[in-house]
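The next block holds one structure in the form of structure tokens; read it before the comments.
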Amino acid sequence: MSDGTSRLQPVLADRSRRIVESAGFNTAVFCLIIGNAVLLGIETYTGAVDQWRGELKVAEHLFLAAFASEILLRAATYAERPKDFFRDPWNVFDLAVVGLALTPFARENATVLRLLRLARVLRAARFLPQLRIVIVAVGKSLPGTLSFVLVGALLLYVYAMLGWVFFAAADPEHYGSLGRAALTLFLLITLDGLGDAVRGGLEISRWAIVYFASFVLLGSFLLVNLLIGVVINSLEEARELEDERARESPAVPVAPVPPAMDESRAVLLARIAAARRALDDVEAGLAAANGESDGHHLAASGGGQGLRATPT
């Protein structure tokens with residue numbers, strides 16, 4: 001039994017791999033993801049849900065069955081080494097999204113089920129390399145972004161306290177508390193309403209220009225440029241990982257030639273060899289015939305010269 005299973009695993013993995021790596025399969029799965037997104041959008045309209053409730057429910061079950069079949073087919077490509085299936089983060093994500101949707105908890109909780117169905121839309125990144133690079137870059141930029149958030153929070157705290165000290169009495173609506181001052185400064189990072197804030201500050205103190213100029217310089221220019229640098233660096237790392245993954249992806253093995261094809265090829269080669277031998281025989285016959293005709297011509301020309309040389 002084990003021998004039969006060991007012989008079946010390579011065949012199953014090879015056939016499943018050929019299907020999964022085909023362009024038609026990837027296109028079909030991508031269309032399923034888009035169709036699932038369209039179905040989610042339709043369900044946001046109450047009139048459509050009331051009119052086609054049964055049809056929408058059937059369509060959701062069909063989508064779920066199709067995605068489950070896709071996961072099983074992808075898992076079959078790892079029939080020889082099942083553990084390798086979980087080494088690919090996208091496989092784990094797909095399995096979690098589809099598998100959790102089949103659990104009783106998700107089927108009974110409409111909110112959780114909608115979130116899982118919404119997560120299927122993110123699977124489109126698997127078939128779009130550029131989008132996949134961006135998602136990986138976002139994940140890699142999280143540590144640097146966390147540092148940016150900490151520095152930004154510290155900057156907001158310091159300037160919010162300064163704003164509360166200097167402007168709370170004259171402008172309590174924007175600087176009356178630490179929270180209001182932090183919210184005002186957070187909006188100023190986008191430079192939205194900066195002119196009104198500066199004019200209001202100058203009415204309180206002429207030194208307000210130093211306060212706002214230094215905050216805009218540090219918050220809008222320095223911090224934002226640091227964040228852009230972190231994202232760009234993560235994007236480059238994600239692109240290098242994608243290129244390395246493309247180089248390391250194994251080529252599709254060539255399937256062995258069926259016995260029937262071997263027999264037909266042998267017959268064809270035998271016919272070609274027979275045709276070549278026949279052609280060689282014809283060429284040899286033509287060469288022999290040409291040699292005999294040349295000999296007759298030489299004999300005839302030699303006899304003619306002898307006749308001309310005999311005196312009368």
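The values are calculated or read from the model by the stated rules, or taken from the named source; none is laboratory data. Keep in mind it's a predicted model, so treat the numbers as computed, not measured. Every residue, glycine among them, receives a Cβ derived from its backbone with ideal geometry; neighbour counts consider all protein chains shown. The accessibility values were calculated without ligands, DNA or RNA, using every heavy atom of the protein model including side chains. Shrake-Rupley method; radii C 1.70, N 1.55, O 1.52, S 1.80 Å.
With the simple spin-label model, which puts each label point 7 Å out from Cα in the Cβ direction, the residue 65 to residue 40 separation comes to 2.3 nm. Rounded to the nearest 10 square angstrom, residue 140 shows an accessible area of 80 square angstrom against a 1.4 Å probe.
Grab the Cα-Cα distance for residue 244 and residue 157, subtract it from 0.36 nm times how many residues apart they are, and report the gain in nm with one decimal. Intermediate results must be reported in sequence, preceding the final value.
Numbers: separation 87, 0.36 × 87 = 31.32 nm, distance 4.29 nm.
Gain on extension, residue 244 to residue 157, equals 27.0 nm.
3J(HN,Hα) along region 132-143, derived from phi through the Karplus expression 6.51 cos²θ - 1.76 cosθ + 1.60 where θ = phi - 60°, amounts to 5, 5, 5, 5, 5, 5, 4, x, 6, 7, 4, x Hz, with x in place of Gly and Pro.
Could you state, as a whole-number percent, how many of the C-alpha pairs of region 139-194 are farther apart than 16 Å?
Values: 724 of 1540 pairs.
Taking all Cα-Cα pairs of region 139-194, the fraction more than 16 Å apart is 47 percent.
Among the chymotrypsin sites (Phe, Trp or Tyr not before Pro) found in region 142-218, those both in a DSSP coil and sparsely packed, with 14 or fewer other Cβ atoms within 10 Å of their Cβ, are 207.
Across region 113-122, rounded Karplus estimates of 3J(HN,Hα) from the backbone phi angles (6.51 cos²θ - 1.76 cosθ + 1.60, θ = phi - 60°) give 5, 5, 5, 5, 5, 5, 5, 4, 4, 5 Hz, Gly and Pro being marked x. Per-residue 3J(HN,Hα) values for region 18-32, derived from phi via the Karplus relation 6.51 cos²θ - 1.76 cosθ + 1.60 with θ = phi - 60°, read 5, 6, 5, 8, 7, 5, x, 5, 5, 5, 5, 5, 4, 5, 5 Hz in sequence order (x marks Gly and Pro).
With 0.36 nm allotted per residue and the present C-alpha distance subtracted, the residue 277-residue 206 stretch has 14.8 nm of extension available. The average projected area of region 1-120, computed from the convex hull of its Cα atoms over all directions, is 8.9 nm².
Each principal axis of the Cα cloud of region 52-209 was taken in turn, and the coordinate range along them, longest first, works out to 74, 41, 26 Å. Can you list the residues of region 58-79 with backbone N under 20 Å from a point 7 Å past the Cα of residue 28, pointing along Cα to Cβ? So the set is 59-79. Computed extension gain for residue 225 through residue 165, at 0.36 nm per residue and net of the alpha carbon distance, reaches 18.7 nm.
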